[in-house]
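See below for the structure under consideration.
The values are calculated or read from the model by the stated rules, or taken from the named source; none is laboratory data. Note that this is a predicted model, so its numbers are computed, not measured. Neighbour counts run over all protein chains shown; Cβ positions are idealised from the backbone, glycine included. Just the protein is used for accessible areas: all its heavy atoms, side chains included, with ligands, DNA and RNA removed. Shrake-Rupley method; radii C 1.70, N 1.55, O 1.52, S 1.80 Å.
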Amino acid sequence: MLSARQFSELLNLRAPLSKIISVYLPVDHQGTHARTLASLLRAHAREESAADDAGEDLKLVEEFAAGFAPSAWRGAAIFSCKALGVWRACPLPEPVRPALRIGERPYLAPLLSVCDQYQRFGVVLAGRSRVRFLEVFMGQIREYEELAMSWPGLGPTQSRAVAEKLDGLARNQEFSRIVVGAEPEISDRLAGLLRTVLQQNLILDETLGAETASETVLERIRGCEDSARKVRESVLAHRLLDLSRSGEAVLGLDRTLRALRRGQVRLLLIRDGFAKMGYLCQRCGDLSVGFNRCPACNGVMGAIFNVVDELIQRALDGHCEVVRLLNDSVLDSMGHIGAELSAQEASGAVALKSDAAADSRS
Ligand SMILES: [Zn+2]
């Protein structure tokens with residue numbers, strides 16, 4: 001699990017001399033991640049820049065991919081810079097587009113886009129003789145065994161000690177929600193001792209307790225997150241539909257592509273799994289759904305397997321917010337994709353296109 005501290009380290013990481021490797025792999029039970037990595041490495045080896053000193057880092061990534069158990073994961077993000085002693089591998093609960101980038105900063109946009117959809121939960125499981133502390137984030141759970149406390153009875157003094165420990169942990173780990181798993185008498189007492197900001201983000205759950213297995217805690221929190229996400233997605237999809245009536249949003253692949261080309265997209269919504277064949281301009285790298293001359297430069301278009309993936313990538317690179325809808329919504333009958341537009345005419349359109357041209361050459 002990426003801790004809050006590791007996360008902010010990645011955000012601030014710079015290695016101007018020794019470059020940082022960022023790799024994203026889609027994951028499934030068919031071993032896709034290993035094949036994808038092999039083809040990314042082949043493509044990298046063909047590039048002129050392959051004469052860099054990334055060999056050792058790429059070897060580490062290969063070893064990781066060879067031993068990675070897909071489990072229920074749908075993606076993986078890996079960052080390595082051996083010279084700086086940096087290694088972070090993070091399984092993801094959502095799919096990502098394959099990518100291998102080498103630069104002085106880690107390539108974080110796809111990771112951030114997934115992380116934004118998850119909250120960091122601090123969990124305290126309190127019984128009369130034992131108290132445990134755990135953290136749940138992005139489908140993973142971690143137990144702080146070194147913080148566990150055991151004593152007979154949970155009186156006022158012990159409760160205060162538990163609240164203090166939880167407070168310290170919450171500050172260090174930047175928890176956005178706190179779950180107290182305990183019988184009501186204990187959880188009420190603990191809740192009363194917490195800082196206001198923690199009280200405001202508190203979930204009391206008497207079905208959990210000091211003896212609950214960590215897998216059960218994870219399942220329970222995942223269930224709550226799934227329901228909350230379902231509601232959030234439905235709200236976003238309905239808002240998109242409303243905004244489209246006043247011209248502040250567009251629906252459907254073609255219109256979304258056009259808005260992205262103009263640099264107008266603020267928030268992109270896509271139904272998870274939506275894919276479509278499309279075309280890429282060989283000259284300027286613009287995207288299109290219809291086989292035709294390039295809408296931007298009239299150049300020749302070449303077919304690409306999934307234009308939606310390419311569109312998501314460009315939206316991320318253009319600093320648009322991207323939300324994958326994992327649940328059924330009104331968007332399913334409106335073309336599976338749409339975008340809220342930013343108010344001002346963005347100047348990002350030109351940058352997007354030149355990035356795309358660079359991508360298509362590599
Ligand atoms: Zn073109």
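Overview of results
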quantity: All positions within the range 26-37 that are free of Cβ contacts under 8 Å to residues at least 40 places away in the same chain and open to solvent by 40 Å² or more (accessible area, probe 1.4 Å); calculated: Gln30, Ala34, Arg35
quantity: Hits in the range 234-286 - residues which are away from the ligand (no atom under 16 Å from the Cβ) and assigned to a strand (DSSP E or B); calculated: Ala249, Val250, Leu251, Val265, Arg266, Leu267, Leu268, Leu269, Ile270, Arg271
quantity: Every residue from the range 293-341 that is among the charged types (D, E, K, R) and either touching a Leu at 6+ places or on another chain (Cβ under 7 Å) or part of a helix (DSSP H, G or I) (or both); calculated: Asp309, Glu310, Arg314, Asp317, Glu321, Asp332, Glu340
quantity: Condition broken by Arg130, with the remaining ones in (1) in contact with a Ser or Thr (Cβ under 6 Å, 6 or more places away or on another chain); (2) within 24 Å of Val61 (Cβ to Cβ) satisfied; calculated: (2)
quantity: Residue that is nearest to the ligand (Cβ to nearest atom), among those in the range 295-307 that are open to solvent by less than 20 Å² (accessible area, probe 1.4 Å) and either closer than 15 Å to Leu253 by Cα or touching a Ser or Thr at 6+ places or on another chain (Cβ under 7 Å) (or both); calculated: Met301
quantity: The range 97-112, subset assigned to a strand (DSSP E or B) and among the small types (Gly, Ala, Ser), residue nearest to the chain's Cα centre (by Cα); calculated: Ala99
quantity: Among the residues listed as Ala66, Ala109, Ala83, the single one being touching a strand residue (DSSP E or B) at 6+ places or on another chain (Cβ under 9 Å) and of a type in the set (A, V, I, L, M, F, W, C); calculated: Ala109
quantity: Single residue of Leu267, Leu253, Leu287 found to be of a type in the set (A, V, I, L, M, F, W, C) and out of contact with any Asp or Glu (no Cβ under 7 Å at 6 or more places or on another chain); calculated: Leu253
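Matching residues to (1) without any contact (Cβ under 8 Å) to a residue 24 or more places away in the chain; (2) closer than 29 Å to Leu311 by Cα; (3) surrounded by fewer than 17 Cβ atoms within 10 Å (Cβ to Cβ); (4) in the same structural domain as Cys320 (by TED's automatic domain parsing):
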site	(1), (2), (3), (4)
Arg88	no, yes, no, no
Pro95	no, yes, no, no
Gly103	no, yes, yes, no
Ala148	yes, no, yes, no
Gly155	yes, no, yes, no
